[in-house]
Amino acid sequence: MAEQLEDKYAKYEKYRPLVESIELFDGIDFKNCIKIMAMALQSKIMTGDVIFRKGDIGHEMYVILKGRVQIVDEDPRGERTLAVLGPGETFGEMALFEHKARSAKAVAMESSVVLALDEQRIESLLTKSVAIRLLFNLVKMLARRLRDTNVLLARAKEH
């Protein structure tokens, strides 16, 4: 078991400075961050690959370890970039709570590495002390993003 943990450390050590700056992991020591990351599915995404489409039902959120991801709104008039995200940023969080259709498309803008944390993996953390801190950080992030969206909506109504 200790050997497996050492392998996990080696795999993620190169991401240590990034991991320590990720808002989702704020206040969680690196050892516990590694445990969370080791539970996640790590994927290499090629430039132009669609991670998920608007309308897809999602059950996971993503953490970008490397590369950039574009979040795009699609409607009959075309596409509009909502955000360009990079290392340390997260997307798709609402899927963990809502189990509803995705509201936008996510596309890799360059070769990227992302971690996918699904609801089952998150639920398995609920028996561990780090889970409370993780969920608290997630709620803070969602609250901030909702607030930012409300500001943008208010500005759009003014025009």
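Rule-based calculations on the coordinates, nothing more; no lab input. Bear in mind that the values here come from a model prediction, so they are computed numbers and not experimental data. Cβ placement follows ideal geometry from the backbone for every residue including glycine, while neighbour counts extend to all protein chains displayed.
Summary of computed values
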read-out	value
Extension gain, LYS14 back to LEU146 (0.36 nm per residue minus Cα-Cα distance, nm)	44.3 nm
Nearest-20 debye value, the stretch 2-158 charge dipole, Cβ charges on Lys, Arg, Asp, Glu	260 debye
18 Å reach of a label modelled at ASP75, 7 Å along Cα-to-Cβ, counting backbone N of the stretch 102-143	102-106
Crossing angle, helix 30-39 versus the chain [Cα axis fit, 0-90 degrees, rounded to tens]	70 degrees
Projected-area average for the chain over all orientations - Cα convex hull basis, square nanometres	10.2 nm²
Residues SER21 and GLN120, FRET efficiency given R0 of 25 Å [Cβ-Cβ distance, rounded to 0.05]	0.40
Contour minus Cα-Cα distance for ALA83 and HIS59 (0.36 nm per residue)	6.6 nm
For the chain, calculated [θ]222 nm from helices alone, where every DSSP H run of n ≥ 4 adds -39500 (n - 2.57)	-12500 deg cm²/dmol
